[in-house]
Structure formats: C-alpha cells, structure tokens
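J.: Please see the structure below; I have some questions.
Computed from the coordinates by the stated procedures, all read-outs in this text should not be read as laboratory data. Computed from a predicted structure; not experimentally measured. So basically every Cβ, Gly included, is an ideal-geometry build from the backbone, and we count neighbours across all protein chains shown.
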Amino acid sequence: MRPVDHVVLTFRHCGGCAYCHRSIAVNQFGSRDNRSPRVIAAATQVRGEFFGQSSFAGYALTTPDNTVVADPATDPVITAPLGCGFQTGAGAVLNALRPAPERPDRRTCPHLVVHFDRIVGVERISFDVDAYVQRVRSSPCFVCAIVAGEHDSDLEQVIAEDEENFAFLSRYPTLFGSVLVAPKRHLEHVVRDLPEDAFLRIMSLVHRVTRAVEAVVPTERTYLLSLGSHQGNSHLHWHIAPLPPGVPYREQQFHALMAENGVLPWTHAQAVELAEQLRAAMATPS
C-alpha cells in the first residue's frame with residue numbers, strides 16, 4: 001500500500017485457518033493483539049475500535065490484513081459496502097447456496113452475484129490454444145523472461161521468491177487465484193533435473209504459497225500439478241489452482257483446468273490487488 005491508495009476496510013483475520021479462530025479477539029475487543037489499548041484519554045483506556053479499525057474518529061488506524069487496496073476509478077459508493085458484504089454475504093452465497101453458473105438461485109443475491117461470477121467461473125472467455133502454442137514456440141521462454149525482468153505482461157505478478165525458485169500469478173487463469181511456481185533456472189524435468197534436496201525446497205515453496213492462496217481465495221479443494229510441454233512451455237513449473245465452492249462435479253478437475261474451456265479475463269489492477277493479498281497472507285505466521 002502507498003499513501004495515495006484508495007482502500008476498503010474489512011474484518012481482521014489471522015490468515016492461518018479457514019475460519020479465523022481468533023476472530024473475536026482481533027475484531028471485537030477494541031485493543032491491540034496484546035490487549036493494550038490504542039487510545040488513552042485523561043489516563044483512561046479507551047476501546048475505540050471495532051473490526052480492527054478505529055471507531056468514532058475522523059481518521060482510522062488499521063492493519064494490513066483488513067485494509068484492501070481499491071481501484072481509484074471505482075466509485076467508493078460501490079466499494080465501501082463490500083467490507084462487510086464480501087465477508088458475510090459471500091460466505092452464505094458460496095458455501096450455503098453453492099451457486100453454479102446455470103442455477104437460478106444465483107439471482108437471490110444479485111449484488112454479490114455480480115462480484116462473484118468470476119470466482120464461480122461464469123465469465124470465462126475463449127482461449128485460442130493454437131495461437132498460444134505458436135506464440136510460445138516463436139518466443140523466448142516467458143518464465144526466464146520474468147526472472148530477467150524482461151517479460152511484457154503486467155498480469156504475472158511475482159508473489160514470492162527465494163534464491164532458487166519463485167511464484168507468480170497465472171496470466172491465463174482458468175480458476176481465480178491460480179499461481180505458478182517455478183525454478184529460476186531453465187529446467188524441464190521434474191525428477192531428472194532436480195536433485196532430491198532441490199525438489200523438496202521447491203515443494204516447500206509450493207506448500208507455503210498454497211496456504212496463502214487458500215487463506216485469500218474461497219477454496220473447496222486445491223489442485224496441485226506439474227504440467228508443461230516441449231511443444232509449448234517447456235520450463236518446469238507447478239500449478240496451484242483453487243477450485244471454488246459450488247462447482248458441479250462434471251466441471252471440476254481437468255475440465256476446470258483446461259484452457260480449451262475458456263480462461264478468466266482480468267486486469268492489471270485486479271492482479272496487483274490479488275498479489276498484495278497473497279503476499280500479506282504469506283507474511284502472516286500460520
């Protein structure tokens with residue numbers, strides 16, 4: 001976050017569990033994590049805070065885990081209610097109603113449906129696989145280009161890295177929140193190119209990134225798999241693909257992962273926002 005960013009405030013969360021077991025402590029005690037007050041007036045402790053943000057004040061003190069950067073071009077009249085709406089309404093819609101794209105009960109909560117259509121896979125656009133293969137074959141390795149800082153896409157935001165490996169957002173996600181993890185060196189084979197200790201190190205990164213994805217994105221099940229092809233993108237990589245709640249069985253697994261069935265359209269602003277949320281989740285102790 002930067003001083004000029006527009007933000008939306010929401011609940012605090014620990015980021016380490018599907019349901020925050022510390023929710024009451026971090027949201028309703030009106031104090032810091034160590035129970036000390038943020039405000040003292042006339043030597044009296046004032047619990048002037050609710051949902052991890054200042055109450056009864058012209059300015060609000062917040063924390064990174066409950067402050068979400070918003071697109072400044074979006075009317076705050078639209079974004080402001082989402083702090084509660086995404087947490088309360090989204091859970092009911094995604095986990096209880098389980099709205100599939102073709103089901104009429106999606107209309108019972110139209111405002112949320114507009115925002116969550118992308119998560120449940122309604123707005124996929126067609127993807128020209130042949131053109132993609134031709135583009136990849138005729139260009140340098142795009143993973144190596146990201147490592148070198150020479151890639152032309154602003155969607156593949158890097159969310160984590162160490163000396164050997166790194167993780168970045170998928171440019172063509174079929175599931176919202178998809179992340180790729182790859183070695184920085186151009187390797188092509190899962191086993192023969194990676195000694196056992198190097199394999200375990202990259203899998204450790206896969207594990208940590210997956211925990212962050214599941215903390216940020218509504219997830220019924222996470223798909224982890226290593227794909228790639230010498231006829232396309234040969235750079236070794238793993239896919240972390242979170243399946244949202246409510247997807248019919250016939251649209252899960254490989255059907256959900258195949259670009260031939262369409263990809264999700266998204267923008268640079270959305271990629272930056274998701275990347276910031278994932279980085280924050282990875283920085284939060286589990």
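J.: Using 1/(1 + (r/R0)^6) with R0 = 45 angstrom and r between the beta carbons of residue 258 and residue 41, what's the FRET efficiency to the nearest 0.05? Please report the intermediate quantities before stating the final value.
T.: Working: r = 60 Å, r/R0 = 1.33.
Step by step, r from the Cβ atoms, then E = 0.15.
J.: Work through the residues other than residue 278 whose Cβ is under 15 Å from its Cβ and net out their charges, Lys, Arg +1 and Asp, Glu -1.
T.: Details: positive: 208, 211, 279; negative: 65, 156, 161, 214, 273, 276.
Here the count lands on -3.
J.: Can you compute the modelled spin-label distance between residue 199 and residue 5, with each label point 7 Å from Cα toward Cβ, in nm?
T.: 3.9
J.: Per 0.36 nm of contour for each residue apart, how much would the distance between residue 226 and residue 163 grow if the chain were fully extended, relative to their Cα-Cα spacing? Don't skip to the answer; put the middle values down first.
T.: Numbers: separation 63, 0.36 × 63 = 22.68 nm, distance 2.05 nm.
Here the answer is 20.6 nm.
J.: Under the 0.36 nm per residue contour assumption, what length would be gained going from the current alpha-carbon distance of residue 125 and residue 79 to full extension? Write out the running numbers ahead of the final one.
T.: Values: separation 46, 0.36 × 46 = 16.56 nm, distance 2.52 nm.
Difference between extended and current length: 14.0 nm.
J.: Related question: Using label points projected 7 Å from each Cα along Cα→Cβ, tell me how many nm separate residue 284 and residue 139, to one decimal.
T.: About 3.4 nm separates the two model spin labels.
J.: Using per-residue counts of other Cβ atoms within 10 Å, averaged over each peptide, order 65-75, 156-166 from highest down.
T.: Details: 65-75: 15.3, 156-166: 17.0.
Result, highest mean first: 156-166, 65-75.
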